[in-house]
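What follows draws every value from the coordinates through simple rules; no lab data is involved. Note that the coordinates shown come from a computational prediction; the quantities given were computed from them, not determined experimentally. Cβ placement follows ideal geometry from the backbone for every residue including glycine, while neighbour counts extend to all protein chains displayed.
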Amino acid sequence: RLTLSADVYKINFNNFVQSHKVGGLTYFYNGGGVHYKGVELEGTYMLGGGFSVYANGSLNRAIQTADNQWNANTPHKTAALGFIYSKGPIYASLVDKFVGKTYYTANAENDTPIGGYAVTNFAASYTFDPHISDVKDFKIGVQINNLFNNTTINYLAGVTGQDNTPLYFTIPARNFNFTVSADLF
């Protein structure tokens, strides 16, 4: 009824290639190394009747070796919470994923914080036997990503060359996927 998982990690990464965009030009450089440390917890609890609740969370630390500053575009924390229904041929999930605040640059004097954001995704599928030789299961599904159409700024891509106007990216708008798959014997 209960599944739990925990991870503790420490990664010493060397030769960290980074990029910086100015105007229409992207400049690549070796940012030295990054020391990543963190902990992640995850669990799923079966409520009964095909329903489960899912949760995940992480605390992260990413420090550049060259200057002991926080590594740009690395969130301090992430989290997810969702509900899953799986019974017989029917599967459905509704999961909200949160990504914490990040920074465009590791330079403390010119740092640009990018606020945290959350995105909710929905998926549903139905599996059946199509009674076709060599085909075991046939599945049709639908996914709705960014269900509530959150288009918050989530990344600073650089600045323009003329007047240093920030070039922000936003979360992709709501989108849909339809899938059809078959398992062969």
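Could you please rank 140, 114, 11, placing first whichever residue has the fewest other Cβ atoms within 10 Å of its Cβ?
With the sparsest Cβ surroundings first, the list reads 11, 140, 114.
GNM on the chain, C-alpha springs below 10 Å: top fluctuator among 19, 58, 93?
Residue with maximal mean-square fluctuation among 19, 58, 93: 19.
With the crude spin-label approximation of a point 7 Å out along Cα→Cβ, what separation in nm comes out for residue 83 versus residue 45?
Calculated label separation equals 1.5 nm.
Find the eigenvalues of the gyration tensor of the Cα atoms of the range 35-82, then list the square roots of 5 times those eigenvalues as equivalent ellipsoid semi-axes, largest first, in whole angstrom.
34, 8, 4
Return 96, 67 ranked ascending by Cβ neighbour count within 10 Å, so the fewest neighbours appear first.
By the 10 Å Cβ count, ascending: 67, 96.
Multiply the residue gap between residue 177 and residue 122 by 0.36 nm, knock off their C-alpha separation, and tell me the result in nm, one decimal place.
Gain on stretching residue 177 to residue 122: 18.8 nm.
Between 130, 75, 172, where does the largest GNM mean-square fluctuation fall for the chain, given springs only between Cα atoms within less than 10 Å?
130
Select from 98, 128, 169 the residue whose mean-square fluctuation is largest in a Gaussian network model of the chain (Cα-Cα springs shorter than 10 Å).
Greatest mean-square fluctuation among the candidates belongs to 128.
What is the magnitude of the charge dipole of the chain about its Cα centre, with +1 placed on the Cβ of each Lys and Arg, -1 on the Cβ of each Asp and Glu, and no other charges, expressed in debye to the nearest 20?
240 debye
Give me the number: length gained by fully extending residue 184 to residue 136, i.e. 0.36 nm times residue separation minus the C-alpha to C-alpha distance, one decimal in nm.
That pair, residue 184 and residue 136, stretches by 16.7 nm at full extension.
If each of residue 8 and residue 69 carries a label point 7 Å out from its Cα toward its Cβ, how far apart are those two points in nm?
In this crude spin-label approximation the distance works out to 3.1 nm.
Going by how many other Cβ atoms sit within 10 Å of their own, how do 148, 83 line up, fewest first?
The fewest-first ordering by Cβ neighbours comes to 148, 83.
For residue 154, what charge total do you get from the other residues with a beta carbon under 14 Å from its beta carbon, if Lys and Arg give +1 and Asp and Glu give -1?
Local charge sum for residue 154: +2.
Between residue 35 and residue 151, how high is the FRET efficiency from 1/(1 + (r/R0)^6) when r is the Cβ-Cβ distance and R₀ = 25 Å? Nearest 0.05. Write down the numbers at each step before the final one.
On the way: r = 33 Å, r/R0 = 1.34.
So, using R0 = 25 Å, E works out to roughly 0.15.
Report the paramagnetic label zone for residue 96: residues of the range 116-141 whose backbone N is under 20 Å from a point 7 Å from Cα along the Cα-to-Cβ axis.
116-124
Show me, for the range 67-72, the HN-Hα J-couplings you get by feeding each phi into the Karplus relation (A = 6.51, B = -1.76, C = 1.60, θ = phi - 60°), rounded to Hz, glycine and proline as x.
Each residue of the range 67-72 in turn: 9, 6, 9, 4, 6, 4 Hz.
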